[in-house]
Amino acid sequence: MAFPKGFLWGGAVAANQCEGAYLADGKKLAVPDMLLGGDVNTPRTFLPVTDPKAFYPSHEAIDFYHRYKEDIALFAEMGFKCFRLSINWSRIFPNGDDPEPNEAGLSFYDSVFDECRKYGIEPLVTLSHYEIPWNIVTKYHGFLSRETIGLFTRYAETCFRRYKDKVKYWLTFNEINIACMGEGGIGNLYGLGLMEDEDIGAKDPIRLTELKANPQKTFEALHNEFVASALTVQKGHEINPEFMIGNMIAHVTVYPLTPNPKDIMACLEEDNFKNNFCGDVQVRGEYPTFAWKYFKDHGIDTSFITEEDKAVLKKGVVDFYTFSYYQSNCVTVDEKAEKTQGNMSVGAKNPYLKASDWGWQIDPLGLRYTLNALHDRYPHTPLMVVENGFGAFDKVEDDGAIHDPYRIEYFREHIRCMGEAIEDGVPLIGYTTWGPIDLVSAGTGQYAKRYGFIYVDRHDDGTGDFSRSRKDSFFWYKKVIESNGEDLD
(Lines give C-alpha, C1' and ligand atoms only; values in the text may rest on other atoms or scores of the structure.)
Protein backbone atom coordinates (compact mmCIF):
# COMPACT_ATOMS: atom_id res chain seq x y z
CA MET A 1 0.00 0.00 0.00
CA ALA A 2 1.33 3.41 -0.94
CA PHE A 3 -0.22 6.40 0.81
CA PRO A 4 0.59 9.55 -1.16
CA LYS A 5 3.42 11.83 -0.14
CA GLY A 6 2.09 14.62 2.07
CA PHE A 7 -0.86 12.53 3.27
CA LEU A 8 -2.57 14.35 6.14
CA TRP A 9 -2.40 11.93 9.08
CA GLY A 10 -3.91 13.22 12.31
CA GLY A 11 -6.85 13.31 14.66
CA ALA A 12 -10.13 15.18 15.15
CA VAL A 13 -11.99 16.78 18.06
CA ALA A 14 -14.88 19.20 18.55
CA ALA A 15 -14.76 22.28 20.76
CA ASN A 16 -17.84 21.33 22.76
CA GLN A 17 -16.46 17.87 23.53
CA CYS A 18 -12.97 18.90 24.63
CA GLU A 19 -12.57 22.58 25.50
CA GLY A 20 -14.61 23.03 28.68
CA ALA A 21 -14.38 26.57 30.12
CA TYR A 22 -17.95 26.96 28.92
CA LEU A 23 -18.42 30.53 30.16
CA ALA A 24 -14.78 31.66 30.18
CA ASP A 25 -13.54 34.92 28.67
CA GLY A 26 -16.89 36.18 27.43
CA LYS A 27 -18.28 32.95 26.00
CA LYS A 28 -22.00 32.35 26.46
CA LEU A 29 -24.22 29.28 26.26
CA ALA A 30 -24.26 27.07 23.17
CA VAL A 31 -26.51 24.07 22.48
CA PRO A 32 -24.16 21.42 23.96
CA ASP A 33 -23.94 23.36 27.23
CA MET A 34 -27.59 22.46 27.88
CA LEU A 35 -27.08 18.68 27.57
CA LEU A 36 -26.84 16.25 30.47
CA GLY A 37 -25.15 12.87 30.19
CA GLY A 38 -26.55 9.40 29.46
CA ASP A 39 -25.22 5.98 28.53
CA VAL A 40 -25.78 3.20 26.01
CA ASN A 41 -29.22 2.44 27.49
CA THR A 42 -30.19 5.95 28.64
CA PRO A 43 -30.71 8.76 26.12
CA ARG A 44 -29.12 12.12 26.88
CA THR A 45 -31.49 14.76 28.19
CA PHE A 46 -31.79 18.42 27.39
CA LEU A 47 -32.53 20.99 30.06
CA PRO A 48 -33.44 24.42 28.61
CA VAL A 49 -32.61 26.18 31.90
CA THR A 50 -29.23 25.25 33.34
CA ASP A 51 -29.46 23.56 36.74
CA PRO A 52 -26.51 24.33 39.06
CA LYS A 53 -26.95 20.95 40.75
CA ALA A 54 -26.81 18.95 37.50
CA PHE A 55 -23.68 17.61 35.80
CA TYR A 56 -23.17 18.97 32.30
CA PRO A 57 -20.24 17.11 30.68
CA SER A 58 -19.32 19.89 28.23
CA HIS A 59 -18.97 22.53 30.93
CA GLU A 60 -15.50 21.25 31.79
CA ALA A 61 -15.07 18.49 29.18
CA ILE A 62 -11.34 17.60 29.22
CA ASP A 63 -10.22 21.20 29.80
CA PHE A 64 -8.45 21.55 26.44
CA TYR A 65 -9.03 25.30 26.84
CA HIS A 66 -6.33 25.44 29.52
CA ARG A 67 -4.29 22.40 28.42
CA TYR A 68 -4.08 22.80 24.64
CA LYS A 69 -0.30 23.25 24.67
CA GLU A 70 0.19 19.93 26.45
CA ASP A 71 -2.28 18.17 24.14
CA ILE A 72 -0.85 19.58 20.91
CA ALA A 73 2.63 18.59 22.08
CA LEU A 74 1.36 15.02 22.49
CA PHE A 75 -0.17 15.12 19.00
CA ALA A 76 3.17 16.33 17.68
CA GLU A 77 4.91 13.46 19.48
CA MET A 78 2.69 11.07 17.52
CA GLY A 79 3.76 12.87 14.34
CA PHE A 80 0.46 14.51 13.40
CA LYS A 81 0.47 16.28 10.06
CA CYS A 82 -3.07 17.57 10.60
CA PHE A 83 -5.31 18.39 13.56
CA ARG A 84 -9.02 18.80 12.99
CA LEU A 85 -10.77 21.00 15.53
CA SER A 86 -13.75 23.33 15.60
CA ILE A 87 -14.13 26.97 16.52
CA ASN A 88 -16.91 27.47 19.02
CA TRP A 89 -19.19 30.10 17.47
CA SER A 90 -20.23 31.31 20.94
CA ARG A 91 -16.60 32.18 21.79
CA ILE A 92 -16.40 34.53 18.80
CA PHE A 93 -19.96 35.92 18.89
CA PRO A 94 -21.29 34.91 22.34
CA ASN A 95 -24.93 35.45 21.39
CA GLY A 96 -24.47 34.75 17.70
CA ASP A 97 -25.74 38.20 16.76
CA ASP A 98 -23.43 40.50 18.74
CA PRO A 99 -22.41 43.72 16.97
CA GLU A 100 -18.68 42.98 17.45
CA PRO A 101 -16.68 39.78 17.88
CA ASN A 102 -15.23 38.78 21.23
CA GLU A 103 -11.48 39.48 21.14
CA ALA A 104 -10.71 37.01 23.92
CA GLY A 105 -12.24 34.20 21.89
CA LEU A 106 -10.39 35.20 18.74
CA SER A 107 -7.11 35.36 20.67
CA PHE A 108 -7.61 31.89 22.10
CA TYR A 109 -7.76 30.31 18.66
CA ASP A 110 -4.80 32.44 17.53
CA SER A 111 -2.82 30.74 20.27
CA VAL A 112 -4.09 27.26 19.37
CA PHE A 113 -3.22 27.67 15.68
CA ASP A 114 0.18 29.13 16.56
CA GLU A 115 0.88 26.10 18.71
CA CYS A 116 -0.07 23.78 15.84
CA ARG A 117 2.18 25.70 13.44
CA LYS A 118 5.04 25.49 15.92
CA TYR A 119 5.08 21.72 15.37
CA GLY A 120 4.30 21.80 11.66
CA ILE A 121 0.73 20.59 12.20
CA GLU A 122 -1.85 21.78 9.64
CA PRO A 123 -5.11 22.89 11.33
CA LEU A 124 -8.32 21.65 9.70
CA VAL A 125 -11.04 23.88 11.13
CA THR A 126 -14.77 23.17 11.30
CA LEU A 127 -16.76 26.38 11.60
CA SER A 128 -19.91 24.76 13.02
CA HIS A 129 -19.62 21.47 14.92
CA TYR A 130 -22.96 21.51 16.78
CA GLU A 131 -21.88 24.64 18.73
CA ILE A 132 -24.77 26.90 17.76
CA PRO A 133 -25.24 29.75 20.29
CA TRP A 134 -28.30 29.20 22.47
CA ASN A 135 -29.55 32.69 21.67
CA ILE A 136 -29.71 31.70 17.98
CA VAL A 137 -32.01 28.82 18.98
CA THR A 138 -34.39 30.84 21.13
CA LYS A 139 -34.43 34.11 19.15
CA TYR A 140 -34.21 32.87 15.56
CA HIS A 141 -35.19 29.18 15.75
CA GLY A 142 -31.72 28.36 14.47
CA PHE A 143 -31.37 28.14 10.71
CA LEU A 144 -35.12 28.24 10.17
CA SER A 145 -34.68 32.01 10.00
CA ARG A 146 -32.96 33.38 6.92
CA GLU A 147 -31.41 35.99 9.23
CA THR A 148 -29.22 33.20 10.60
CA ILE A 149 -27.61 32.82 7.16
CA GLY A 150 -26.17 36.32 7.50
CA LEU A 151 -25.17 35.78 11.12
CA PHE A 152 -23.25 32.65 10.21
CA THR A 153 -21.54 34.10 7.16
CA ARG A 154 -20.44 37.12 9.20
CA TYR A 155 -18.98 34.76 11.82
CA ALA A 156 -17.25 32.73 9.08
CA GLU A 157 -15.85 35.86 7.43
CA THR A 158 -14.52 37.05 10.79
CA CYS A 159 -12.65 33.76 11.21
CA PHE A 160 -11.40 33.73 7.62
CA ARG A 161 -9.94 37.23 7.89
CA ARG A 162 -8.41 36.66 11.32
CA TYR A 163 -6.78 33.32 10.52
CA LYS A 164 -6.19 33.59 6.77
CA ASP A 165 -2.45 33.12 7.19
CA LYS A 166 -2.71 30.36 9.82
CA VAL A 167 -5.41 28.02 8.49
CA LYS A 168 -5.68 26.64 4.97
CA TYR A 169 -8.22 23.84 5.38
CA TRP A 170 -11.80 24.63 6.47
CA LEU A 171 -15.09 22.77 6.79
CA THR A 172 -18.40 24.62 6.93
CA PHE A 173 -20.88 22.39 8.83
CA ASN A 174 -20.15 19.16 10.63
CA GLU A 175 -22.31 16.19 9.57
CA ILE A 176 -24.76 18.50 7.81
CA ASN A 177 -26.92 15.50 6.89
CA ILE A 178 -27.84 14.51 10.47
CA ALA A 179 -31.15 16.33 10.03
CA CYS A 180 -31.97 13.50 7.58
CA MET A 181 -31.21 10.75 10.09
CA GLY A 182 -33.79 8.68 11.94
CA GLU A 183 -33.88 10.79 15.10
CA GLY A 184 -35.09 13.97 13.44
CA GLY A 185 -35.42 16.05 16.59
CA ILE A 186 -31.82 15.38 17.61
CA GLY A 187 -30.54 16.25 14.15
CA ASN A 188 -32.57 19.45 14.16
CA LEU A 189 -31.12 20.58 17.48
CA TYR A 190 -27.50 19.53 16.95
CA GLY A 191 -27.16 20.49 13.32
CA LEU A 192 -29.72 23.23 12.70
CA GLY A 193 -30.29 24.81 16.12
CA LEU A 194 -33.98 24.15 15.52
CA MET A 195 -36.43 23.28 18.31
CA GLU A 196 -40.17 23.47 18.59
CA ASP A 197 -41.43 26.20 20.95
CA GLU A 198 -42.95 23.72 23.39
CA ASP A 199 -39.56 22.01 23.80
CA ILE A 200 -37.70 25.30 24.22
CA GLY A 201 -40.11 26.30 26.98
CA ALA A 202 -40.08 22.96 28.80
CA LYS A 203 -39.62 23.09 32.57
CA ASP A 204 -38.31 19.55 32.96
CA PRO A 205 -35.49 17.64 31.25
CA ILE A 206 -36.38 16.32 27.80
CA ARG A 207 -34.94 13.13 26.37
CA LEU A 208 -33.24 13.94 23.09
CA THR A 209 -35.10 11.03 21.50
CA GLU A 210 -38.37 12.76 22.40
CA LEU A 211 -37.61 16.11 20.76
CA LYS A 212 -40.27 16.97 18.23
CA ALA A 213 -39.52 17.63 14.56
CA ASN A 214 -41.57 19.22 11.80
CA PRO A 215 -40.35 18.01 8.38
CA GLN A 216 -41.32 21.24 6.61
CA LYS A 217 -39.27 23.29 9.06
CA THR A 218 -36.41 20.81 8.94
CA PHE A 219 -35.93 21.13 5.18
CA GLU A 220 -36.35 24.90 5.20
CA ALA A 221 -33.66 25.18 7.88
CA LEU A 222 -31.41 22.70 6.09
CA HIS A 223 -31.77 24.68 2.86
CA ASN A 224 -30.75 27.86 4.67
CA GLU A 225 -27.69 26.00 5.96
CA PHE A 226 -26.84 24.94 2.39
CA VAL A 227 -27.05 28.58 1.31
CA ALA A 228 -24.93 29.69 4.27
CA SER A 229 -22.32 27.06 3.38
CA ALA A 230 -22.21 28.13 -0.29
CA LEU A 231 -21.91 31.82 0.59
CA THR A 232 -19.16 30.95 3.06
CA VAL A 233 -17.21 29.07 0.38
CA GLN A 234 -17.46 32.06 -1.95
CA LYS A 235 -16.37 34.54 0.72
CA GLY A 236 -13.50 32.31 1.80
CA HIS A 237 -12.13 32.12 -1.73
CA GLU A 238 -12.33 35.91 -2.01
CA ILE A 239 -10.34 36.38 1.19
CA ASN A 240 -7.71 33.77 0.39
CA PRO A 241 -7.80 31.92 -2.95
CA GLU A 242 -5.51 29.28 -1.42
CA PHE A 243 -8.19 28.19 1.04
CA MET A 244 -9.47 24.63 0.67
CA ILE A 245 -13.05 24.60 1.96
CA GLY A 246 -14.96 21.34 2.32
CA ASN A 247 -18.21 19.85 3.48
CA MET A 248 -18.66 17.11 6.09
CA ILE A 249 -21.11 14.21 5.86
CA ALA A 250 -22.03 11.64 8.53
CA HIS A 251 -21.70 8.72 6.15
CA VAL A 252 -23.58 5.63 7.29
CA THR A 253 -22.90 3.04 4.61
CA VAL A 254 -25.88 0.79 3.95
CA TYR A 255 -26.34 -2.63 2.34
CA PRO A 256 -29.54 -4.49 1.48
CA LEU A 257 -30.10 -7.16 4.13
CA THR A 258 -31.29 -9.68 1.55
CA PRO A 259 -31.40 -9.98 -2.27
CA ASN A 260 -35.12 -9.25 -2.09
CA PRO A 261 -35.57 -6.53 -4.77
CA LYS A 262 -37.63 -4.56 -2.25
CA ASP A 263 -34.66 -4.51 0.15
CA ILE A 264 -32.37 -3.40 -2.67
CA MET A 265 -34.69 -0.56 -3.66
CA ALA A 266 -35.18 0.48 -0.04
CA CYS A 267 -31.39 0.50 0.42
CA LEU A 268 -30.91 2.72 -2.64
CA GLU A 269 -33.50 5.19 -1.38
CA GLU A 270 -31.97 5.33 2.11
CA ASP A 271 -28.44 5.79 0.78
CA ASN A 272 -29.61 8.60 -1.48
CA PHE A 273 -31.60 10.39 1.19
CA LYS A 274 -29.24 10.01 4.16
CA ASN A 275 -25.84 10.17 2.45
CA ASN A 276 -26.03 11.50 -1.10
CA PHE A 277 -28.65 14.25 -0.80
CA CYS A 278 -26.52 16.71 1.17
CA GLY A 279 -23.33 15.65 -0.60
CA ASP A 280 -24.84 16.35 -4.01
CA VAL A 281 -26.01 19.83 -3.02
CA GLN A 282 -22.59 20.81 -1.68
CA VAL A 283 -20.39 19.10 -4.29
CA ARG A 284 -22.54 19.40 -7.42
CA GLY A 285 -24.25 22.64 -6.45
CA GLU A 286 -27.83 21.54 -6.99
CA TYR A 287 -30.59 19.44 -5.49
CA PRO A 288 -30.60 15.90 -6.95
CA THR A 289 -33.68 14.65 -8.76
CA PHE A 290 -34.50 12.12 -6.03
CA ALA A 291 -34.73 14.98 -3.51
CA TRP A 292 -37.45 16.71 -5.52
CA LYS A 293 -39.37 13.44 -5.66
CA TYR A 294 -38.97 12.99 -1.91
CA PHE A 295 -40.31 16.49 -1.28
CA LYS A 296 -43.31 15.83 -3.52
CA ASP A 297 -44.06 12.43 -1.97
CA HIS A 298 -43.87 13.85 1.57
CA GLY A 299 -45.82 17.04 0.99
CA ILE A 300 -42.89 19.44 1.47
CA ASP A 301 -43.60 22.90 0.05
CA THR A 302 -40.37 23.85 -1.77
CA SER A 303 -41.23 27.49 -2.45
CA PHE A 304 -38.45 28.43 0.00
CA ILE A 305 -35.89 27.31 -2.64
CA THR A 306 -35.56 30.45 -4.75
CA GLU A 307 -33.86 30.90 -8.11
CA GLU A 308 -31.37 33.23 -6.43
CA ASP A 309 -30.57 30.49 -3.92
CA LYS A 310 -30.00 27.98 -6.70
CA ALA A 311 -27.45 30.32 -8.27
CA VAL A 312 -25.67 30.68 -4.91
CA LEU A 313 -25.49 26.89 -4.50
CA LYS A 314 -23.95 26.56 -7.98
CA LYS A 315 -21.26 29.13 -7.23
CA GLY A 316 -20.44 27.88 -3.74
CA VAL A 317 -19.50 24.24 -4.30
CA VAL A 318 -16.89 22.81 -1.95
CA ASP A 319 -13.27 22.06 -2.83
CA PHE A 320 -13.14 18.65 -1.20
CA TYR A 321 -15.50 16.11 0.35
CA THR A 322 -15.00 14.92 3.92
CA PHE A 323 -16.98 12.42 5.95
CA SER A 324 -17.19 10.43 9.14
CA TYR A 325 -17.16 6.65 8.93
CA TYR A 326 -17.73 4.48 11.98
CA GLN A 327 -19.95 1.63 10.87
CA SER A 328 -22.37 0.26 8.29
CA ASN A 329 -26.02 -0.76 8.55
CA CYS A 330 -28.37 -2.99 6.61
CA VAL A 331 -31.73 -2.01 5.13
CA THR A 332 -34.75 -4.24 4.84
CA VAL A 333 -38.50 -3.98 4.43
CA ASP A 334 -38.87 -6.75 7.03
CA GLU A 335 -40.11 -4.92 10.12
CA LYS A 336 -39.26 -7.91 12.32
CA ALA A 337 -35.54 -7.81 11.49
CA GLU A 338 -33.22 -7.24 14.43
CA LYS A 339 -32.19 -3.59 14.75
CA THR A 340 -28.91 -1.91 15.60
CA GLN A 341 -27.81 1.71 15.80
CA GLY A 342 -24.84 4.04 15.86
CA ASN A 343 -23.96 7.67 15.13
CA MET A 344 -27.63 8.69 15.21
CA SER A 345 -28.65 6.14 12.57
CA VAL A 346 -30.76 3.01 13.00
CA GLY A 347 -30.64 -0.01 10.71
CA ALA A 348 -31.00 -3.77 10.50
CA LYS A 349 -28.24 -5.81 12.12
CA ASN A 350 -25.66 -7.34 9.79
CA PRO A 351 -25.11 -11.02 10.80
CA TYR A 352 -21.57 -10.98 9.37
CA LEU A 353 -20.22 -8.17 11.56
CA LYS A 354 -19.12 -7.77 15.16
CA ALA A 355 -20.01 -4.66 17.13
CA SER A 356 -18.63 -2.40 19.86
CA ASP A 357 -20.04 -2.31 23.40
CA TRP A 358 -22.34 0.46 22.16
CA GLY A 359 -23.70 -1.68 19.31
CA TRP A 360 -21.83 0.08 16.49
CA GLN A 361 -21.05 -2.54 13.83
CA ILE A 362 -17.38 -2.82 12.83
CA ASP A 363 -16.89 -2.92 9.06
CA PRO A 364 -13.43 -1.92 7.77
CA LEU A 365 -14.10 -3.22 4.25
CA GLY A 366 -17.12 -0.92 4.18
CA LEU A 367 -14.71 2.02 4.27
CA ARG A 368 -12.99 0.85 1.08
CA TYR A 369 -16.41 0.30 -0.49
CA THR A 370 -17.53 3.79 0.59
CA LEU A 371 -14.42 5.51 -0.73
CA ASN A 372 -14.84 3.85 -4.11
CA ALA A 373 -18.54 4.71 -4.24
CA LEU A 374 -17.86 8.36 -3.39
CA HIS A 375 -15.09 8.59 -5.98
CA ASP A 376 -17.46 7.19 -8.60
CA ARG A 377 -20.09 9.75 -7.62
CA TYR A 378 -17.72 12.74 -7.38
CA PRO A 379 -14.82 11.75 -9.67
CA HIS A 380 -13.05 15.12 -9.64
CA THR A 381 -13.30 15.82 -5.91
CA PRO A 382 -10.56 14.95 -3.38
CA LEU A 383 -11.79 12.91 -0.40
CA MET A 384 -10.82 12.90 3.26
CA VAL A 385 -11.90 10.70 6.17
CA VAL A 386 -12.18 13.16 9.07
CA GLU A 387 -13.78 10.92 11.69
CA ASN A 388 -13.19 7.22 12.26
CA GLY A 389 -12.83 5.71 15.70
CA PHE A 390 -13.66 3.11 18.29
CA GLY A 391 -15.34 3.93 21.59
CA ALA A 392 -14.44 1.44 24.32
CA PHE A 393 -14.05 0.94 28.06
CA ASP A 394 -10.34 1.26 28.91
CA LYS A 395 -8.66 -0.10 32.04
CA VAL A 396 -5.70 1.57 33.73
CA GLU A 397 -3.32 -1.07 35.10
CA ASP A 398 -1.62 -0.79 38.48
CA ASP A 399 1.55 0.45 36.78
CA GLY A 400 -0.40 3.12 34.87
CA ALA A 401 -0.29 1.28 31.53
CA ILE A 402 -3.36 1.18 29.27
CA HIS A 403 -3.42 -1.78 26.92
CA ASP A 404 -5.95 -1.30 24.10
CA PRO A 405 -5.28 -3.95 21.43
CA TYR A 406 -8.95 -3.74 20.38
CA ARG A 407 -8.46 -0.12 19.33
CA ILE A 408 -5.24 -0.90 17.46
CA GLU A 409 -7.00 -3.72 15.61
CA TYR A 410 -9.89 -1.44 14.66
CA PHE A 411 -7.60 1.23 13.22
CA ARG A 412 -5.22 -1.27 11.59
CA GLU A 413 -7.98 -2.81 9.49
CA HIS A 414 -9.55 0.53 8.55
CA ILE A 415 -6.20 2.00 7.52
CA ARG A 416 -5.43 -1.15 5.53
CA CYS A 417 -8.71 -0.74 3.65
CA MET A 418 -7.98 2.95 3.02
CA GLY A 419 -4.67 1.94 1.46
CA GLU A 420 -6.46 -0.55 -0.76
CA ALA A 421 -8.90 2.20 -1.81
CA ILE A 422 -5.95 4.40 -2.77
CA GLU A 423 -4.63 1.52 -4.88
CA ASP A 424 -8.11 1.37 -6.45
CA GLY A 425 -7.51 4.95 -7.60
CA VAL A 426 -9.39 6.92 -4.92
CA PRO A 427 -7.94 10.46 -4.40
CA LEU A 428 -7.76 10.26 -0.61
CA ILE A 429 -5.78 13.17 0.84
CA GLY A 430 -6.01 12.63 4.60
CA TYR A 431 -7.27 10.77 7.64
CA THR A 432 -8.07 12.18 11.09
CA THR A 433 -9.14 9.67 13.73
CA TRP A 434 -11.90 10.45 16.19
CA GLY A 435 -10.80 11.49 18.76
CA PRO A 436 -7.08 11.19 19.35
CA ILE A 437 -7.57 12.08 23.00
CA ASP A 438 -10.43 10.93 25.27
CA LEU A 439 -13.30 13.42 25.24
CA VAL A 440 -17.02 13.69 25.95
CA SER A 441 -19.13 11.47 23.71
CA ALA A 442 -21.63 13.49 21.67
CA GLY A 443 -24.08 10.60 21.57
CA THR A 444 -24.11 9.57 25.22
CA GLY A 445 -22.32 12.37 27.05
CA GLN A 446 -20.00 9.81 28.62
CA TYR A 447 -16.33 10.00 29.47
CA ALA A 448 -16.33 6.21 29.87
CA LYS A 449 -16.82 5.79 26.13
CA ARG A 450 -13.16 6.39 25.34
CA TYR A 451 -11.82 6.94 21.84
CA GLY A 452 -8.35 8.33 22.38
CA PHE A 453 -4.75 7.28 21.97
CA ILE A 454 -4.33 9.54 25.02
CA TYR A 455 -6.13 8.71 28.26
CA VAL A 456 -7.69 11.56 30.27
CA ASP A 457 -8.33 11.04 33.98
CA ARG A 458 -11.91 12.27 33.96
CA HIS A 459 -15.01 10.24 34.80
CA ASP A 460 -18.79 10.29 34.52
CA ASP A 461 -19.24 11.17 38.19
CA GLY A 462 -17.23 14.36 37.70
CA THR A 463 -14.09 13.05 39.40
CA GLY A 464 -10.57 12.97 37.99
CA ASP A 465 -7.63 15.34 37.77
CA PHE A 466 -7.59 15.71 33.96
CA SER A 467 -4.07 14.25 33.75
CA ARG A 468 -3.03 12.77 30.40
CA SER A 469 -1.28 9.43 29.74
CA ARG A 470 -0.31 7.47 26.65
CA LYS A 471 -2.09 4.25 25.74
CA ASP A 472 -0.47 1.44 23.75
CA SER A 473 -2.29 2.74 20.68
CA PHE A 474 -0.42 6.05 21.03
CA PHE A 475 2.88 4.39 20.19
CA TRP A 476 1.28 2.26 17.46
CA TYR A 477 -0.24 5.26 15.66
CA LYS A 478 3.09 7.11 15.93
CA LYS A 479 4.69 4.22 14.05
CA VAL A 480 1.94 4.24 11.42
CA ILE A 481 2.48 7.93 10.73
CA GLU A 482 6.28 7.62 10.69
CA SER A 483 5.99 4.91 8.02
CA ASN A 484 3.26 6.80 6.08
CA GLY A 485 0.90 3.88 6.61
CA GLU A 486 3.30 1.12 5.60
CA ASP A 487 3.94 -0.36 9.07
CA LEU A 488 0.63 -1.50 10.56
CA ASP A 489 1.99 -4.29 12.79
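For the range 315-322, state whether one or more residues are within 25 Å of the chain's Cα centre (by Cα) and among the small types (Gly, Ala, Ser). Lay out the reasoning, then the answer.
Step one: filter the range 315-322 for residues within 25 Å of the chain's Cα centre (by Cα), giving 315-322.
With the extra rule that they be among the small types (Gly, Ala, Ser), the set shrinks to 316.
Yes, there is a match, as at least one residue in the range 315-322 is within 25 Å of the chain's Cα centre (by Cα) and among the small types (Gly, Ala, Ser).
The helices (runs of 4 or more DSSP H) found entirely in the range 3-97 that carry 3 or more residues being surrounded by fewer than 18 Cβ atoms within 10 Å (Cβ to Cβ) are 64-78. Annotation note: of Ala54, Ala24, Ala30, Ala15, the sole residue that is more than 21 Å from Asn188 (Cβ to Cβ), in contact (Cβ under 8 Å) with a residue 40 or more places away in the chain and not β-branched (Val, Ile, Thr) is Ala24. Given the condition farther than 30 Å from Arg284 by Cβ and surrounded by fewer than 18 Cβ atoms within 10 Å (Cβ to Cβ), answer yes or no: does some residue in the range 415-429 qualify? Looking through the range 415-429, at least one residue is farther than 30 Å from Arg284 by Cβ and surrounded by fewer than 18 Cβ atoms within 10 Å (Cβ to Cβ). Annotation note: of Asp309, Asp297, Asp271, the sole residue that is of a type in the set (D, E, K, R) and under 19 Å from the mean Cα position of the chain (by Cα) is Asp271.
Being under 14 Å from the mean Cα position of the chain (by Cα), among the aromatic types (Phe, Trp, Tyr) and over 21 Å from Thr45 (Cα atoms) is a property that holds for Phe173. Looking only at residues of the range 196-215 that are in contact with a Gly (Cβ under 8 Å, 6 or more places away or on another chain), of a type outside the set (Asp, Glu) and part of a helix (DSSP H, G or I), we find that the one that is modelled with the highest pLDDT is Pro215.
Number of residues in the range 119-136 that are surrounded by fewer than 24 Cβ atoms within 10 Å (Cβ to Cβ) and out of contact with any Lys or Arg (no Cβ under 9 Å at 6 or more places or on another chain): the value is 1. Listed here are the helices (runs of 4 or more DSSP H) enclosed by the range 271-368 that have at least 3 residues being without any contact (Cβ under 8 Å) to a residue 24 or more places away in the chain: 289-297, 307-315.
From the list Lys314, Lys296, which residue is basic (Lys, Arg) and surrounded by 12 or more Cβ atoms within 10 Å (Cβ to Cβ)? Walk me through how you get there before you give the answer.
Numbers: Lys296 fails: surrounded by 12 or more Cβ atoms within 10 Å (Cβ to Cβ).
That would be Lys314, the only listed residue that is basic (Lys, Arg) and surrounded by 12 or more Cβ atoms within 10 Å (Cβ to Cβ).
Could you please let me know if Gly20 is farther than 17 Å from Ile454 by Cβ and of a type in the set (Gly, Ala, Ser)? Don't jump to the end; show me each part of the working.
Values: farther than 17 Å from Ile454 by Cβ: no; of a type in the set (Gly, Ala, Ser): yes.
No: the conditions fail for Gly20.
If I filter the range 430-473 down to residues being touching a strand residue (DSSP E or B) at 6+ places or on another chain (Cβ under 8 Å) and of a type in the set (S, T, N, Q), which single residue comes out as surrounded by the fewest Cβ atoms within 10 Å (Cβ to Cβ)? The extreme case among them is Ser467.
Here is the figure for the range 435-453: residues that are among the basic types (Lys, Arg) and part of a loop (DSSP other than H, G, I, E, B) total 1. Among the residues making up the range 179-195, those that are modelled with pLDDT under 95 and either in contact with a Gly (Cβ under 6 Å, 6 or more places away or on another chain) or in a loop (DSSP other than H, G, I, E, B) (or both) are Ala179, Met181, Gly182, Glu183, Met195.
Only a single criterion out of (1) in contact with a strand residue (DSSP E or B) (Cβ under 8 Å, 6 or more places away or on another chain); (2) touching a residue at least 40 places away in the same chain (Cβ under 8 Å) is not satisfied by Ile264, namely (2).
Among what's in the range 90-124 and is among the acidic types (Asp, Glu) and closer than 30 Å to Trp9 by Cβ, pick the residue that is nearest to the chain's Cα centre (by Cα). By that ranking, first place goes to Glu122. One residue stands out in the range 225-236 among those that are of a type outside the set (A, V, I, L, M) and within 19 Å of the chain's Cα centre (by Cα): the one that is nearest to Lys310 (Cα to Cα), namely Phe226.
The values are calculated or read from the model by the stated rules, or taken from the named source; none is laboratory data. Here the structure is a predicted model, which is why all the values come from computation and not from measurement. Cβ atoms come from the backbone with ideal geometry, glycine included; neighbour counts cover every protein chain shown.
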